[in-house]
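Accompanying notes for the structure given below.
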Amino acid sequence: MTSTQPTSLTSPVLQAKKSLAGARVVVVGLGASGEAAARLSRAKGADVLVTDVRPRQAIERVAAQLESEGIVLAVGGHEGVDLVGADLVVVSPGVPNQPFLRDAERRGARIVSELELASWYVDAELIAVGGTNGKSTTTELAAALARVSGKPVFAGGNLGTPLAQAVLENDPGVAQGGVAVVEVSSFQVERIAGFRPRASVLLNVTADHLDRYPSFEAYAAAKGNAFRAQTDGDVAVVPHGDPLSARLASLGGGRLELVDGPAPAASIGLVGDQIVDHVRNVQISLGDLRLEGRHNVTNLCAAWAAVAAVGVDPRLFPPAIRAFRGLPHRTTLVAEIDGVRYFDDSKGTNVGAAVTALDGLSLGDGARAVLIAGGRDKGGTYAPLVESLARRGRALVVLGEAAPEIMRAARAGLPSSFVVLRASSMEEAVERAARLAIAGDAVLLSPACSSFDMFRDYKHRGDVFVAAVRARLPGGSS
């Protein structure tokens, strides 16, 4: 079995699902999801052991709390932990498919993800939102649309609160009568079997996480796992004109619904300046969508279809759409200074996301974008980003570990007159970008890389960018 294939339900414990009383459960990895899985398993009556590679002093607070709840810890590595003898092994999404896990599976260990475990105790209408890019915005959009029904709504998963924590805390959004909107990453759906969303969304699949997966095909296959347990009463939502996402959606038995395309092929799409639900005869003006970028039309259409699939009346959606302002660090307008708009898309942590942000900017005649990119490389090619810069860019400012590689790609694919500069800090990058931009242009931070070379995370990177931009405002404030 590879990391991209769902596990099988062969164990009596797994077949019974909710009956963990007396079961021996091993949780691998003590991140937020692992902690939630351990505590949930213990609450359901299991004898739980958690193993983590970090030393005790690095996790002392959480370790002491778990031990006070009767959970055993094995820290500093996984050596000596009996995975095969456990009734169930739960792997945190941050733990890659390492040799010790593959060996345990070959010897009969029953391994699932935190998402799979948590889903056994979810009685709400379940919506899964996946994709390389756009899934956080779409998750929050779907949650906003679902709330108009008056039902309790949970929004989390890869975004925010782990699903296992919501179950443990008896969140009404995961109970009967609620709607649970769960952002799912490829890591989370590597080992699932019974995870069955009523509506499963796949927004796109572009190269990402090739530092973890052996190939793009393996990464894409993991994304497809979110559809496998669906039956003919479920809905699989993918964008019109995306054959890869449609093929992955067909791995399950859900009804395929295409969105963001022309009728009759797509159920929802853009007609002139109106977003029209052709099936349910509802529409809203494009101007009422307060999000930057053409890609957000796709995100809205997908969220709309998914929430309608769980029984919420789309006629209630327009006020929620008008009120939705998006998430921080996702093509967010920070300021306009001397006619130049500055956008924070620090969440653009892969090439596909950066291309989407760059291509989606609203630029007037003659206006171009100055892109700030770079960070820690994640594998793959920067060629699509260079092609987008050729179409829409005025200049490129790079920083971080990946700067030399991005510069090489840019110089190989762009005219010699195209300006490519390197900066040693985010503040310097903003200063250089501001000098290169002219009135009407946009300065866009969309790094196409992870943040961990220079920053704690993408939020920290975005915050530093925002502070550097706002320091350029009159008076140095927002």
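Values quoted throughout were computed directly from the atomic coordinates according to the rules given, and no laboratory measurement underlies them. These numbers were taken from a predicted model, which means no experiment stands behind them. Quick reminder, even Gly has a Cβ in these numbers, built from the backbone with ideal geometry, and neighbours come from all protein chains shown.
Go ahead and collect, in residue order, the members of region 434-458 whose backbone nitrogen is under 14 Å from a label point 7 Å along the Cα-Cβ direction of Glu405.
From region 434-458, the list is 448-453.
Restricting to DSSP loop positions (anything but H, G, I, E, B) with no more than 14 other Cβ atoms inside 10 Å of their own Cβ, which GluC sites (Glu not before Pro) remain in region 67-162?
Hits after loop and neighbour filter: Glu69, Glu79.
What full-extension length gain, to one decimal in nm, is calculated for Asp338 and Val72 as 0.36 nm per residue of separation minus the Cα-Cα distance? Can you show the working numbers first?
On the way: separation 266, 0.36 × 266 = 95.76 nm, distance 5.96 nm.
Roughly 89.8 nm would be gained on extension.
First select every other residue whose beta carbon is under 13 angstrom from the beta carbon of Arg280; then total the charges, Lys and Arg +1, Asp and Glu -1.
Here the count lands on -2.
Express in nm, to one decimal, how much length is gained between Ala246 and Ile438 on full extension, taking 0.36 nm for each residue of separation and deducting their alpha carbon distance.
Using 0.36 nm per residue and subtracting the Cα-Cα distance, I get 65.0 nm.
Take the residue pairs Lys44/Lys347; Lys223/Lys459; Lys44/Lys459; Lys135/Lys459; Lys378/Lys459 and return only those whose Cα atoms are more than 28 Å apart.
Beyond 28 Å between Cα atoms: Lys44/Lys347; Lys44/Lys459.
Packing-wise, with mean Cβ within 10 Å as the measure, how do 19-25, 434-440, 183-189 rank, highest first?
Ranking, from highest mean packing down: 183-189, 19-25, 434-440.
Along Cα→Cβ, 7 Å out, is where each label goes; now give me the distance between the ones at Ala383 and Ser215 in nm to one decimal.
Going from the Ala383 label point to the Ser215 one covers 1.7 nm.
Quick test of the membrane-span-like rule: which DSSP H helices of the chain reach at least 20 Å along their long axis (C-alpha atoms) with mean Kyte hydropathy at least -0.5?
Once both thresholds are applied, what remains is 295-309.
Pull up the DSSP beta bridges for the chain and report the antiparallel fraction as a percent, rounded to 5.
20
State the extension gain, in nm to one decimal, for the chain segment bounded by Gln283 and Asp232, taking 0.36 nm per residue of separation less the distance between their alpha-carbons.
Extending this stretch completely gives an extra 15.6 nm.
Hey, can you grab everything whose amide H is under 5 Å from the amide H of Val237? Only 5+ residues off in sequence or another chain; H modelled, so Pro and N-termini drop out.
For Val237, whose amide H was placed from the backbone, the distant partners under 5 Å are Ser200, Val201, Leu202, Glu257.
Calculate, for Asp359 and Ala320, the FRET efficiency according to 1/(1 + (r/R0)^6) with r their C-beta to C-beta distance and R0 30 Å; round to the nearest 0.05.
0.65
For region 363-370, what does the Karplus curve 6.51 cos²θ - 1.76 cosθ + 1.60, with θ = phi - 60°, yield as ³J(HN,Hα) per residue in whole Hz, taken in order and with x for Gly and Pro?
Rounded to whole hertz, the list is 10, x, 4, x, 7, 9, 10, 9.
What number comes out for the charge environment of Ala305, summing +1 per Lys or Arg and -1 per Asp or Glu over other residues with Cβ under 13 Å away?
My count for the surroundings of Ala305 gives -1.
Go ahead and estimate [θ] at 222 nm for the chain from helices alone: -39,500 (n - 2.57) per DSSP H run with n ≥ 4, summed, over the residue count, rounded to 500. Let's see the in-between values first.
Details: 16 runs with 152 residues, N = 478.
Calculated at 222 nm, the ellipticity per residue is -9000 deg cm²/dmol.
Determine which residues of region 277-309 fall in the zone a paramagnetic label at Ala265 would reach in this model, i.e. backbone nitrogen under 17 Å from the point 7 Å along Cα→Cβ.
278-279, 298, 302
Taking the structure as given and computing Cα Rg over 2.2 N^0.38 Å, which label from (1) 1.32; (2) 2.24; (3) 1.00 fits?
Evaluating Cα Rg over 2.2 N^0.38 Å on these atoms matches (3).
Sticking with the crude label model, points 7 Å out along Cα→Cβ, report the distance from Glu427 to Ala58 in nm, one decimal please.
According to this spin-label approximation, the distance is 3.1 nm.
Put +1 on the Cβ of every Lys and Arg and -1 on every Asp and Glu Cβ in region 332-470; which of Ser425, Val397, Val443 then has its Cα farthest towards the positive end of the dipole?
Going by the Cα projections, it comes out as Val397.
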